[in-house]
Structure formats: C-alpha cells, structure tokens
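Each remark here refers to the structure printed beneath this line.
The values are calculated or read from the model by the stated rules, or taken from the named source; none is laboratory data. On a predicted model such as this, the values are computed, not experimentally measured, just so you know. Counting neighbours? That spans all protein chains shown, and the Cβs are built from the backbone with ideal geometry, glycine included. Accessible surface is based on the protein model in full, side chains and every heavy atom, while ligands, DNA and RNA are left aside. Shrake-Rupley method; radii C 1.70, N 1.55, O 1.52, S 1.80 Å.
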Amino acid sequence: MAVRPGYKQTEVGVIPQDWEPKQLRKISPSQSVGLVINPSTYVVEDGTVPMLVGSNISANSISLEGARHISAASNQLLPASRLNAGDLVTVRVGEPGITAVVPPEIDGCNCASVMIVRKHTSFDSRWLCHVMNSRQGLTQVENVQYGTAQKQFNISDAINFTYATPPLPEQRAIAAALSDVDALLAKLDQLIAKKRDLKQAAMQQLLTGQTRLPGFCGEWSPIKISKHASLKARIGWQALTTAEYLDEGANFLVTGTDFVDGRVNWSSCHYVDQWRYDQDRNIQLRDGDVLLTKDGTIGKVGYVDGLCGPATLNSGVFVIRPLQESFAPLFLFYILKSKVFDEFLAMTTAGSTIVHLYQKDFVTFEFLAPSRDEQTAIATVLSDIDAELAALEARRDKTSALKQGMMQELLTGRIRLV
C-alpha cells in the first residue's frame, strides 16, 4: 500500500517522518529489576515505606491496598530497587507488561520483582507508560513471555522492545490528552463506587424498615417462601444435558451464568429444541419472574423483564413467583440480593463441603415485608438507583472505548497534536 505524504514505513508500521522506531534501551538510559529476593526478609509490621509488587500495579495507576511495608533503614539499604516519582514500574509476573508511573506521593518507596524504567529528561514518563500499556506494547510482551501457571518475561528481552517514538514535545502533548481521559475515568470510577455505597446503604435501611418512605406506616408481616411463593425448577428426571444446548433456536435456555447485574443477558443464552421448552410449563419464563441459582455459585439472583421470546431454565436455577400477589416480585429480588438473604445462605451452607441450595432448605426462608404498595415503592427506589448506576457504567465503558481509540490514533501518529 502507498504511504501517504509525511509518513514512512518502518519496522513498527507506518509512522510520521519525524518519528523514529526506538528500542526501550535507547529511549531510557536505565532499566532494572526490583528486589529479586523474597521481600518478606525486610517487611516489618510498623514499616513506613511501601514495598510495591506486581499486584499493586494496574494500567496507569498504583494502589497501596494490601501493600507490605519496610523500615526506612531497610529502604536505605536497597537503593537499586528504591523508586523515584516519574519512574515506571512494569509487572513481570502474573499480568506481565502492565505499567504505571510512580506518583509523587510515594516517591522513595521500594519494589520487588518488577521492571523499573528510570525517568529521564529524554522522554516523557506518562507517554511511555501509555505506549507500554497499548495493544502494540503488550503484544511485544506476549511474544516473549513464558511460563504456564504464572506468565513472566525477562528484562533482557524487554530492553529490545521497539516503540514508535515522537519528539519530546509531541510525547508530552499525547500524554496530556490521554491523561485527561484517565482523569475522567477515575472520576467516573469514584462516582460509581459512591453510588454503589449509596445503594447498599439504601437497601439496608429500606429493606429492613429502619427507614420508611414518605406516606407509609404500619407493621411489617412475615413472608414465608413455603407459604407465599411458588418455587419451581427443572427436575432431575428431565435429564437435560449440555449436549442439548444449541447455539441457535427459538427457545432461550437461561442458566445462572447468563445473569448480569441482576438481569438476564439474552445475548449469552443458549437455546433448546421446542420439545424441551414444552416439556415443563412450570419453568417457562415470564416477565416478573425472580430467578435464583441453586448449584455452582449459589444465591445468584436474576429478575426477568423485557422477555425476548420463549425461555426456559436449566436444572441449576429456581423460578420464584408470588402466590395470590402476596409480595411484589421486584421487592423479593432485592431481598435476595441483601444481607438478609446472605445471612440465611451462610447458615444454610455452613459446614457443607458440597455447596447446593436444596428446595427443602430454601422454603424455610422468611423475611419481614410491608404492604405490597410499600414493597413496590421500595423496589422502585432501588431500581432507580440501579438505573443510575447502569448509566454511569455505560458512560465509563464508552469513555474507556474512546480512550482505546485515541491511543490507537495518537500513539501511532495517525492523528498529530503538534
């Protein structure tokens, strides 16, 4: 293919004329490996200096959660693995290639078993971090990594990784643009975490009657699964096997793995033949059904709304429906996602080596509930919070996808900022 004016073909692809393909050892004058002996030798309970390892590093960020610490005296004895703000640290074992820049607030910390790329005036640390975390950067790691249970790579290979390298002013411009998107992503993550905390608090308050919604009063009454609910599942003699799961069809087969954020992800469902769907009318799904897994990851909850077509269940899921409108299904859905049900599950499965939720046990579950109108109002409040969460998560996903597109364009020079 013809190369457009102002660009050239190189070993790293088509790049601008004033960019150069450079090996890591040419970009940075210093690369090394953090402490290679077991860091526990230096770890102390009252240590003040964080000792970073691979698990503390994610793309473009460092978390001290779970980090061990060493004393200031030990840190002085380990200058080769001591980090400065602006240095880059790269995971070597586990998720090899993931890179972050050391922020000013942990300047002087130490590290073990990670690759260190020392900051230098010849390159912009944030730009290089984005390059190393890009698809092009991680592919080079994948090409030299080894190991089965724990993937890793050698620094002797890493120093020869080659990147499309722009002049320093353009490095800084690219880093600033991508860092702005990272800041937006971080803000969205904070909003999502705050909204999740709000939801948990609201569930605890509203589902136990500690807080009442305006306009409601009166005593709460017990709801018993054995008395107030219809509980159905595919029974064993029907012998549905995974060999009968179809990739195409007219009748959805819903399993616990198809529950995503409490709803059925219809796009991930398999299908079954018509006779399997017709076999048991009790488990033919309808809107408003509450679903609960009883095998594998027990206690996973789903709520059916927006039914996409005829659907039935595999043998690992209960379908729960109210008898004589004794409860609002969406209220039960939130009860089953709350601490009220978590505590019941913990007691039911305590000491069991084979985790399974038997019908004889689940029917003993009971909880307090207000009038059906108040149940509906509570469920609506929690559902609104879920909708706000979903909107924030969708915005975050869209922003993340935008960043990936920006990286592809900016880090290859297809779009120029200077």
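Brief remarks follow.
- Number of the condition not met by I70 [criteria: (1) touching a Gly at 6+ places or on another chain (Cβ under 6 Å); (2) under 24 Å from I159 (Cα atoms)]: (2)
- Taking residues in the stretch 279-302 that are on the phi > 0 side of the Ramachandran plot, and partners anywhere that are not in a loop (DSSP other than H, G, I, E, B) and not hydrophobic (A, V, I, L, M, F, W, C), the pairs with Cβ atoms closer than 7 Å and at least 6 places apart or on different chains are G288/P329; G296/G256; G299/T293.
- Flag if Q190 is in a helix (DSSP H, G or I), within 30 Å of L128 (Cβ to Cβ) and either in contact with a strand residue (DSSP E or B) (Cβ under 7 Å, 6 or more places away or on another chain) or open to solvent by less than 40 Å² (accessible area, probe 1.4 Å) (or both): no
- Candidate set from the stretch 67-94 (those that are touching a helix residue (DSSP H, G or I) at 6+ places or on another chain (Cβ under 7 Å) and in a loop (DSSP other than H, G, I, E, B)); member that is modelled with the lowest pLDDT: G94
- Total residues in the stretch 250-287, condition closer than 16 Å to G306 by Cβ, open to solvent by 40 Å² or more (accessible area, probe 1.4 Å), in contact with a Leu (Cβ under 6 Å, 6 or more places away or on another chain) and part of a strand (DSSP E or B): 0
- Selection within the stretch 21-41 - buried (at least 18 other Cβ atoms within 10 Å of the Cβ) and either without any contact (Cβ under 8 Å) to a residue 60 or more places away in the chain or over 21 Å from N56 (Cβ atoms) (or both): L24, I27, S28
- Here the condition is being touching a residue at least 40 places away in the same chain (Cβ under 8 Å), over 27 Å from E142 (Cα atoms) and not in a strand (DSSP E or B); of G108, G47, G97, it holds for G108 alone.
- Qualifying residue in the stretch 362-373 (condition: open to solvent by 60 Å² or more (accessible area, probe 1.4 Å), part of a loop (DSSP other than H, G, I, E, B) and among the aromatic types (F, W, Y)): no
- Test: L332 is under 24 Å from T297 (Cα atoms) and within 29 Å of the chain's Cα centre (by Cα): yes
- Comparison of E45, E20 shows that the only residue that is in contact with a strand residue (DSSP E or B) (Cβ under 6 Å, 6 or more places away or on another chain) and either over 22 Å from Q150 (Cβ atoms) or of a type in the set (F, W, Y) (or both) is E20.
- Members of the stretch 297-353 that are among the aromatic types (F, W, Y) and either open to solvent by less than 10 Å² (accessible area, probe 1.4 Å) or assigned to a loop (DSSP other than H, G, I, E, B) (or both): F318, F327, F331, F333, Y334, F341
- Close pairs from the stretch 337-350: first of a type in the set (S, T, Y), partner surrounded by fewer than 19 Cβ atoms within 10 Å (Cβ to Cβ) and assigned to a helix (DSSP H, G or I), Cβ under 6 Å, at least 6 apart: T348/D361
- Residues in the stretch 139-172 that are open to solvent by less than 30 Å² (accessible area, probe 1.4 Å) and aliphatic (A, V, I, L, M): 3 in all.
- When each of L64, L88 is tested for being under 24 Å from A186 (Cα atoms), of a type in the set (A, V, I, L, M, F, W, C) and open to solvent by less than 60 Å² (accessible area, probe 1.4 Å), the lone residue that passes is L88.
- Members of the stretch 1-20 that are under 19 Å from I174 (Cα atoms), assigned to a strand (DSSP E or B) and either of a type in the set (K, R) or open to solvent by 70 Å² or more (accessible area, probe 1.4 Å) (or both): E20
- Residue that is modelled with the lowest pLDDT [pool: residues in the stretch 288-311 that are over 28 Å from D197 (Cβ atoms) and in contact with a Leu (Cβ under 6 Å, 6 or more places away or on another chain)]: K294
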